[in-house]
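Visitor: Before I ask anything, here is the structure I am working with.
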Amino acid sequence: MSEHYLSATPTHSVWDRTLSPRLRIPPGDTVHVECQDASGAQVQPGMTAEQFLSIDRTRIHSLTGPIAIEGAAPGDVLEVEVLETRHHGWGWSSVTPGLGFLKQRFSEAYLFHWKLDGNLTRSLAPAILPVRPFLGVMGVARAETGQFRTRPPGNFGGNLDVRELCAGAKLYLPVYCPEALFSCGDGHAAQGDGEVCINGMECPLDTTLRFRLHKNEPLEGPLIESSEAVAPDLHGDCWIVVECGEDIAAAARNATSRMVDLLVSRWQMDPVHAYILCSVALRLRLSQVVNEPVYTVSGSISKQILPDRVLFPAGS
């Protein structure tokens, strides 16, 4: 298995299955990926809120990629293992007029700068916050032809903003076009569920990813295998299904139904028993509520209450 390096530039800010890959690798290889912050390197330490309002919004989510996975085809599953994440010591969060979960209450532009000290930050006194770097955007090319902005997530992944995707996690994505065409970006040093003000701790982020391919495996949408070892405060080792949609209740219902299906197919549970287990053990959360009109709901079940399983054992 080989290692590769992919610089942050040139970037792209749309999903487009006709984009030429910047890198082509066989399954099993590792890629060290540099990613710009969500602004496309426009925000810098010391920038004012007034300057922030003038950035080029078409460069939001400047993504690194695409990475082509040899042999990937529609109907396969791409496994992305996050081996390492490395922030650059600083980050930012903002309030942007007209955006955010409480946009009627917080309508004034504001820009906050974070100083990141290893695995914590003391920038927002009196709070001392753990730093858990992860990529807010990880996805494959969409099934549809055309150019699509990166803000709405979907079954292809994309702007999921699921904070469990830090080092040690695995993300499973359905493949929709030849060679998958994976891209990533939107580094966060930390994020709360919901990402309510429109940002996490936005930051440039370098990451190391290992790619595996599982042939002819049905998967309806993103699935995450989280790791307690790196971030024990994120509810431990879990299986997490991710659903996105314009109706939060419908997305939560779909996430619950997908977890029932997972328990039935992988643990051979009776469907009604799986439903009852979800009622007593499933953790339903709003991972992001600000990428309107699309919201992200994640449903997780702890590995501690289930026998060990390797969901996709035949990967290459």
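Visitor: For residue 249 and residue 107, what does the FRET efficiency come to when R0 = 35 Å and r is the distance between their Cβ atoms, rounded to the nearest 0.05?
Guide: 0.80
Visitor: All other residues with a Cβ under 13 Å from the Cβ of residue 208 taken together, and with Lys, Arg as +1 and Asp, Glu as -1, what is their net charge?
Guide: Computed value for this residue: -4.
Visitor: Between residue 264 and residue 316, take the C-beta separation as r, use R0 = 35 Å, and let me know the FRET efficiency to the nearest 0.05.
Guide: Efficiency at R0 = 35 Å is approximately 0.85.
Visitor: Note down the magnitude of the dipole of the chain about its Cα centre, charges +1 on Lys and Arg C-beta and -1 on Asp and Glu C-beta and zero elsewhere, to the nearest 20 debye.
Guide: 200 debye
Visitor: A further question on this structure: If each residue of separation counts as 0.36 nm, what is the full-extension length gain between residue 1 and residue 304 once their alpha-carbon separation is subtracted?
Guide: Taking residue 1 through residue 304 to full extension adds about 105.9 nm, to one decimal.
Visitor: Oh, and also: Specify whether the C-alpha gyration tensor of the stretch 62-182 places it in the rounded, prolate or oblate class, a ≥ b ≥ c being the square roots of the eigenvalues: rounded for a/c under 1.5, otherwise prolate if a/b is larger than b/c and oblate if not.
Guide: oblate
Visitor: Net charge near residue 137, counting Lys/Arg +1 and Asp/Glu -1 over other residues with Cβ under 10 Å of its Cβ?
Guide: Counting the neighbours of residue 137, the net charge comes to -1.
Visitor: If you take the square roots of the eigenvalues of the alpha-carbon gyration tensor of the stretch 154-249 and sort them as a ≥ b ≥ c, do you get rounded (a/c under 1.5), prolate (a/b over b/c) or oblate?
Guide: Judged from the Cα gyration tensor, the stretch 154-249 comes out rounded (a/c under 1.5).
Visitor: Which of [x] 48, 48, 41; [y] 56, 43, 36; [z] 61, 55, 46 is the computed Cα extents along the principal axes in Å for the structure on display?
Guide: From the options [x] 48, 48, 41; [y] 56, 43, 36; [z] 61, 55, 46, the structure gives [y].
Visitor: Checking the cross-link filter: which lysines have an alpha carbon closer than 24 Å to that of residue 170, excluding same-chain neighbours under 8 positions apart?
Guide: 215, 303
Visitor: In nm, give the distance between the simple-model label positions of residue 73 and residue 58, each being 7 Å from the Cα along the Cα-to-Cβ direction.
Guide: 3.8 nm
Visitor: How much net charge surrounds residue 177 when only the other residues with a Cβ under 12 Å from the Cβ of residue 177 are counted, with Lys and Arg +1 and Asp and Glu -1? Intermediate values should be presented prior to the final figure.
Guide: Numbers: positive: 17, 142; negative: 16, 76, 144, 179.
Taking every other residue near residue 177 into account, the sum is -2.
Visitor: Residue farthest toward the positive end of the dipole of the chain, with Cβ of Lys/Arg at +1 and Asp/Glu at -1: which of 77, 290, 166?
Guide: Highest projection toward the positive end goes to 290.
Visitor: Using a simple spin-label model with points 7 Å from Cα along the Cα→Cβ vector, what separation in nm is obtained for residue 283 and residue 84?
Guide: Going from the residue 283 label point to the residue 84 one covers 2.8 nm.
Visitor: Still on this structure: What whole number of Å gives the distance from the Cα centroid of the stretch 95-143 to the Cα centroid of the stretch 34-65?
Guide: Computed from Cα coordinates, the inter-centre distance equals 13 Å.
Visitor: Please report the relative contact order for the chain, taking Cα pairs under 8 Å with a sequence separation of at least 6, and give it as a percent rounded to a whole number.
Guide: It rounds to 22 percent for the chain.
Visitor: Now for a separate question. Could you give the length gained on full extension between residue 151 and residue 120, defined as 0.36 nm per residue of separation minus the Cα-Cα distance, in nm?
Guide: Length gained between residue 151 and residue 120: 8.4 nm.
Visitor: Using DSSP to call loops (not H, G, I, E or B), can you name the GluC sites (Glu not before Pro) in the stretch 56-154 whose Cβ has at most 16 other Cβ atoms within 10 angstrom?
Guide: Sites meeting the loop and neighbour criteria: 70, 108, 144.
Every number here is computed from the coordinates shown, using simple stated rules; none is lab data. In this text the structure is predicted, and so the values were computed from the model without any measurement. Here Cβ is always computed from backbone atoms with ideal geometry, including for glycine, and neighbour counts include all displayed protein chains.
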